[in-house]
Amino acid sequence: MNSRNVCHSLAAALRFGSTKLNRSGWNPSRRCHSISNMSGQLGGQLSYVQRMKMLQNLREKTGITEEVIRRGKCLIYYKGDPLLTDNFSIAWMDFDDLQTEPKLFLENAMLLGMAEGGQFQFAVQIVGFGKESKQAVLSKSQGSFTDFRLSLMMMPTYEASLASKAKAIFNWHRRNTHCAKCGSPSIRNSTASCRTCHKCEEVWYPTLSPVGIVLVADSTKSNLLLVRQGRHPKGMYSCIAGYVDSGETLEEGIRREVAEEVGLTVLSVDYKASQHWSFPTSNLMIGCHAIVNGNETLDVDTSELEDARWFSVEEVRRSLDSIKTNPLETMSAIKEGTNQFFVPPRGTLAHSLIDAWLSG
Ligand SMILES: [Zn+2]
């Protein structure tokens with residue numbers, strides 16, 4: 001059986017027996033034997049489309065079964081910090097190592113995604129599993145719970161994206177326990193992809209806000225404008241960022257933010273990349289490069305920014321190279337609070353925008 005047929009059959013297996021679920025989407029009596037039969041045969045990798053179709057089926061039709069849980073691997077959080085290996089990769093754990101009931105797992109876990117090899121990926125917060133859970137998890141793992149912000153800076157991009165998604169969705173569920181339409185309690189589905197109002201049955205999905213973030217250069221392209229907010233670590237200068245308002249295009253939002261924060265006229269905007277960012281809530285960071293009229297005088301909005309400065313390309317490159325050479329040293333500098341200029345650490349979209357500009 002080739003992988004295409006395997007996946008077709010697996011998708012069919014996931015649809016099979018989709019009897020009516022209870023309100024939480026949990027159907028303990030349903031068994032999808034074909035899934036476990038298939039798992040040994042999958043062998044090769046699944047295509048992106050195959051994996052997305054399977055995840056969609058779980059979210060929208062079948063919900064999660066105990067068998068799906070047992071085929072999965074888990075990213076564990078304790079008090080908001082993920083369980084990582086010594087080299088900042090996710091310390092994935094099997095369900096059987098968690099010493100918990102499937103029902104309890106389902107009430108606490110969310111479906112994150114699916115690995116290329118066909119393993120379902122879950123995130124779960126062990127708070128709620130009992131006081132001994134943290135030690136129980138650590139005793140069965142090679143990892144340790146790592147500060148969430150540090151984790152995002154150090155993890156591989158794909159894994160950082162999973163960690164950010166999990167944190168944002170956990171937070172959304174915590175803050176949205178009641179229906180915004182009628183005020184009644186809402187109930188999350190088994191994959192944690194939405195909540196349904198207990199009374200009026202309105203369905204609510206996790207939200208995210210668009211944020212424009214822009215690296216500004218003058219028209220000679222020999223100088224870059226970087227800014228710092230009071231909450232930034234000492235010495236760190238970053239890109240201008242701000243929420244896109246209702247009714248604005250991305251370009252309009254960026255032109256407005258640059259005008260408001262530093263008093264410069266944007267001549268051109270080019271989209272470069274985007275990133276999900278879960279501070280302080282769930283944001284879609286949309287990264288751009290912009291050229292401004294560098295002959296204008298800076299007019300810094302000190303209610304938003306502590307400082308804004310032009311830096312030469314050479315200054316910025318030196319800082320970026322330093323971070324690339326030793327990212328952990330940079331994180332130490334942030335912690336200790338030196339006044340030496342540095343650009344945002346890797347893992348941030350600001351870092352990527354600066355890197356792309358210098359490489360371009
Ligand atoms: Zn309602």
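Key figures
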quantity	calculated
Alpha-carbon centroid distance for the pair the range 109-166 / the range 268-316, whole angstrom	31
Gain upon complete extension [Lys324, Glu201; 0.36 nm per residue less C-alpha separation]	39.3 nm
Heavy atoms of Glu252 accessible to a 1.4 Å probe, total area in Å² rounded to 10	100
Largest to smallest accessible area among Arg175, Arg346 [probe 1.4 Å]	Arg175, Arg346
Thr220 versus Leu358: modelled label distance in nm, points set 7 Å from Cα along the beta carbon direction	2.0
HN-Hα J in Hz across the range 212-219 - Karplus 6.51, -1.76, 1.60, θ = phi - 60°, x for Gly and Pro	x, 10, 9, 8, 9, 10, 7, 6
Nearby lysines by direct alpha-carbon distance to Lys53 (threshold 20 angstrom, same-chain neighbours under 8 apart not counted)	Lys61, Lys73, Lys165
Accessible surface, 1.4 Å probe, highest first, among residues Ile169, Ile126	Ile169, Ile126
Calculated FRET efficiency for the pair Val49/Arg70, C-beta based, R₀ 25 Å, to 0.05	0.50
Tyr237 - accessible surface, heavy atoms, 1.4 Å probe, Å² rounded to 10	20
Loop trypsin sites (Lys or Arg not before Pro), the range 64-122, which have at most 15 other Cβ atoms in a 10 Å radius of their Cβ (DSSP)	Lys79
Fully extended contour minus Cα-Cα distance, from Asp245 to Thr281, at 0.36 nm per residue	11.3 nm
Met153 - accessible surface, heavy atoms, 1.4 Å probe, Å² rounded to 10	20
Segment Arg231-Glu60, length gained on full extension (0.36 nm per residue, minus Cα span)	57.5 nm
Förster-model FRET efficiency, 51 Å R0, Asp96 and Ser268, C-beta, rounded to 0.05	0.40
Where labels lie 7 Å past Cα in the beta-carbon direction, separation of Glu314 and Asp86 in nm	4.1
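The values are calculated or read from the model by the stated rules, or taken from the named source; none is laboratory data. Not measured: the values here are computed from a predicted model. Reconstructed Cβ throughout: ideal geometry from the backbone, glycine too, with neighbour counts over all protein chains shown. Calculation scope for accessible area: heavy atoms of the full protein, side chains included, ligands and nucleic acids excluded. Shrake-Rupley method; radii C 1.70, N 1.55, O 1.52, S 1.80 Å.
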